[in-house]
Protein chains: 2
Amino acid sequence: MHSLKFLQQFISNAFSDAEFVNEPLQLYEPIAYTLDIGGKRLRPVLVLMSCDLFGGEINKAVYPAMGVEIFHNFTLLHDDIMDNAPLRRGRETVHQKWDINSAILSGDTMFVIAYEYVAKTDPELLPQVLNLFNDTARKVCEGQQYDMNFETKSDVVIADYMQMIRLKTAVLIACSVKLGAILAKASPQDAEKIYDFGIELGLAFQLQDDFLDAFGDTNKFGKTIGGDISTNKKTFLFLKAFELAREDTLLKLTNYYCDKEIDRSKKVEEIIRIFRQLKVDEITRHEIENHHQKAMDIFNSLHFESGKASEMIGLMQEMLGRER
Amino acid sequence: MHSLKFLQQFISNAFSDAEFVNEPLQLYEPIAYTLDIGGKRLRPVLVLMSCDLFGGEINKAVYPAMGVEIFHNFTLLHDDIMDNAPLRRGRETVHQKWDINSAILSGDTMFVIAYEYVAKTDPELLPQVLNLFNDTARKVCEGQQYDMNFETKSDVVIADYMQMIRLKTAVLIACSVKLGAILAKASPQDAEKIYDFGIELGLAFQLQDDFLDAFGDTNKFGKTIGGDISTNKKTFLFLKAFELAREDTLLKLTNYYCDKEIDRSKKVEEIIRIFRQLKVDEITRHEIENHHQKAMDIFNSLHFESGKASEMIGLMQEMLGRER
């Protein structure tokens, strides 16, 4: 079993070795820039680790794994246009550094490149791999649409939110681990199960992201606290708080969210105080733990050589324990 | 051999039978709207006709053929955002009728749907089909980037322009006929040749489009005359005129293109007059004929049952003789 560290280095090298710059430069420079920012490469590592878990050769999974990562970065690029975000991972977004047209077209091209990498698969497995990838890509688009709809929809409930993050975030995590299983020729039953494992892991991962926005340690989290709060984003925390708040607290919460004059840091501070008062922090932790446990239960029902579990469990810890 | 008319009806029925509306409606309504506008469905008809030509079953080609058409419509949708175009085929563009975010995300989703249709291919042929489709999609993006670059580039020459339309327009026509050949299990030699045929046909088709912008009959062409001229688009006609104009004529041409105060219809009229004076109309006709002839020569070297040529020749006539 390859270590998490080895797989991270392996995928990082694969990206360093790949050449994304080409003619016309105006098209390819934003792509190279986007893929150079890096990030944790969680999804391709999940592909490789799942492949390894089921006894597959990681060399045969590296291109499809890169395809998943390129697809993920394409969605971030287009999402950043739609969200009008100036920064991503501390660097200027493509539409900010270049322009919207560059961001649209470079994104489209990244999407094609993602398919090119996915296509570098054992021909025998290609139909299955391509169907999984298409299904995932469509769901991620649907998730992004629901996320945008929620901005103006006033009656969003937690069930809607969970469905949205399932589509927008969890299915790509699930796709990653299932892809690894398919490439390792795991049984269809195990491939389905590890997909469900990925869904639970993905839900926990997104809820953790929501949690850290309010309760994380800025130094370790790498983002400013309260980004979701100050933009009135309808996260799990927000929806849970509105579900639980009564009378005075509900009034205060509503006022803080509607008041456009209020100082940003005061708003963040006050809302976090209300979250704590309503025990939204504990409830969210519990919800994360719940999905983490479901993921573990599915994981433990999979068929792989004993002694191979530790690296995946370590990666789950890393994904879900980023504040610790 | 199926007739052109039959194949047009066949593909039109296939689109009518397909269901593109789904949840979330905000995502899928713009897609259904875009695909409902229709157009001539030239590319999927080319797929089916090429498949039929090489003795394949059109039933097995209909989904990939639809994939090509959906991809084409996706590129138009995103191009319209980039070009800030308010109308397409006489109807409001998606970003105009909805908004830019809808147009970006619905476009992305259409791209996925295109791949879903392409994936509905004989598994044995899928690797070849997918590689062709990826290669084509990437080149179309490159072509669009060159087209955008040309807007601000002052030293564009005809060779640059021909390379741009090869990428932006001709490769998708070439992909269509090659796809039909692959699906009919034509020989690799014939598949390559019909691709080259498609390139020549595609170049002639785009040059014809340029020609009709200045010299077409509005009633038959379906567009306003002089659209390219009034937007200073660097078409074959524009570049050829600047290549040939000397002294007074060059000065006049430059003035008309730089003068922002000039009345639109006067500008179009005067520039068409200069085009005629420089024989740009004859030269363009000759260039179209040249690529048409190259296409015919390649076509005549293909191996298919005698008596099957007439429908493809008829379609070429229709594509290249839209003013007649």
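If the condition is being at the interface with another protein chain (Cβ under 7 Å from one of its Cβ atoms) and among the small types (Gly, Ala, Ser), then the range B:103-124 contributes only B:Ala119. Taking the conditions (1) among the polar types (S, T, N, Q); (2) in contact (Cβ under 8 Å) with a residue 40 or more places away in the chain; (3) surrounded by 20 or more Cβ atoms within 10 Å (Cβ to Cβ) in turn, A:Ser3 satisfies each one other than (3). Residues in the range B:166-189 that are under 19 Å from B:Val68 (Cβ atoms), more than 10 Å from the chain's Cα centre (by Cα) and in contact (Cβ under 8 Å) with a residue 40 or more places away in the chain: B:Cys175, B:Ser176, B:Val177, B:Lys178, B:Leu179, B:Gly180, B:Ala181, B:Ile182, B:Leu183, B:Ala184, B:Lys185, B:Ala186. Select from the range B:239-261 the residues that are among the basic types (Lys, Arg) and touching a helix residue (DSSP H, G or I) at 6+ places or on another chain (Cβ under 8 Å) and list them in ascending order. Those that are among the basic types (Lys, Arg) and touching a helix residue (DSSP H, G or I) at 6+ places or on another chain (Cβ under 8 Å): B:Lys240, B:Lys252. Every residue in the range A:260-283 that is part of a loop (DSSP other than H, G, I, E, B) and farther than 16 Å from A:Gly226 by Cα, please. Matches in the range A:260-283: A:Glu261, A:Leu278, A:Lys279. Filtered by the rule that a residue be among the charged types (D, E, K, R) and within 12 Å of chain B (Cβ to nearest Cβ), the range A:75-102 gives A:Asp79, A:Asp80, A:Asp83, A:Asp99. Checked against (1) in a helix (DSSP H, G or I); (2) more than 18 Å from the chain's Cα centre (by Cα); (3) not acidic (Asp, Glu), A:Lys139 meets all criteria but (2). Note on the range B:75-93: among residues that are aliphatic (A, V, I, L, M) and under 21 Å from B:Gln145 (Cβ atoms), the one that is surrounded by the fewest Cβ atoms within 10 Å (Cβ to Cβ) is B:Ala85. Within the range B:9-36, the set of residues being away from chain A (no Cβ under 14 Å), part of a helix (DSSP H, G or I) and touching a Leu at 6+ places or on another chain (Cβ under 9 Å) comprises B:Phe10, B:Ile11, B:Phe15, B:Thr34.
Quick grid of which residues meet (1) surrounded by 14 or more Cβ atoms within 10 Å (Cβ to Cβ); (2) closer than 27 Å to A:Lys153 by Cβ:
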position: A:Ile229; (1), (2): yes, yes
position: A:Leu244; (1), (2): yes, yes
position: A:Glu270; (1), (2): yes, yes
position: A:Leu302; (1), (2): yes, no
position: A:Glu311; (1), (2): yes, no
position: A:Leu315; (1), (2): yes, no
position: A:Gly321; (1), (2): no, no
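Within the option set B:Thr235, B:Thr224, being among the hydroxyl-bearing types (Ser, Thr, Tyr), under 19 Å from the mean Cα position of the chain (by Cα) and at pLDDT 95 or above holds for one residue only, B:Thr235. Please verify whether the range B:114-128 includes one or more residues that are out of contact with any helix residue (DSSP H, G or I) (no Cβ under 8 Å at 6 or more places or on another chain), within 26 Å of B:Ala241 (Cβ to Cβ) and surrounded by fewer than 19 Cβ atoms within 10 Å (Cβ to Cβ). No; the residues of the range B:114-128 include none that is out of contact with any helix residue (DSSP H, G or I) (no Cβ under 8 Å at 6 or more places or on another chain), within 26 Å of B:Ala241 (Cβ to Cβ) and surrounded by fewer than 19 Cβ atoms within 10 Å (Cβ to Cβ). Please enumerate the residues belonging to the range B:130-140 that are at the interface with chain A (Cβ under 7 Å from one of its Cβ atoms) and either of a type in the set (S, T, N, Q) or without any contact (Cβ under 8 Å) to a residue 24 or more places away in the chain (or both). Scanning the range B:130-140 gives B:Leu130, B:Asn131, B:Asn134, B:Arg138. Of the helices (runs of 4 or more DSSP H) that lie entirely inside the range A:142-227, those containing 1 or more residues that are more than 14 Å from chain B (Cβ to nearest Cβ) and surrounded by 20 or more Cβ atoms within 10 Å (Cβ to Cβ) span A:158-165, A:171-183, A:188-215. The residues in the range A:135-192 that are among the aromatic types (Phe, Trp, Tyr) and in contact with a Leu (Cβ under 8 Å, 6 or more places away or on another chain) can be counted, and the count is 2.
On the given criteria, is B:His72 within 14 Å of another protein chain (Cβ to nearest Cβ), closer than 25 Å to B:Lys233 by Cβ and either among the basic types (Lys, Arg) or buried (at least 24 other Cβ atoms within 10 Å of the Cβ) (or both)? No. When A:Pro127, A:Pro64 are checked against the criterion of being more than 19 Å from the chain's Cα centre (by Cα), within 13 Å of another protein chain (Cβ to nearest Cβ) and at pLDDT 95 or above, a single residue qualifies: A:Pro127. Every residue in the range A:16-75 that is β-branched (Val, Ile, Thr), in contact (Cβ under 8 Å) with a residue 60 or more places away in the chain and either within 30 Å of A:Asn101 (Cα to Cα) or in contact with a strand residue (DSSP E or B) (Cβ under 9 Å, 6 or more places away or on another chain) (or both), please. A:Ile31, A:Thr34, A:Val68, A:Thr75 - these are the residues of the range A:16-75 that are β-branched (Val, Ile, Thr), in contact (Cβ under 8 Å) with a residue 60 or more places away in the chain and either within 30 Å of A:Asn101 (Cα to Cα) or in contact with a strand residue (DSSP E or B) (Cβ under 9 Å, 6 or more places away or on another chain) (or both).
The values are calculated or read from the model by the stated rules, or taken from the named source; none is laboratory data. Every value quoted in this text rests on a predicted model; they were computed, and no experiment measured them. FYI the Cβ positions are ideal-geometry reconstructions off the backbone, even for glycines, and counts take in every protein chain you see.
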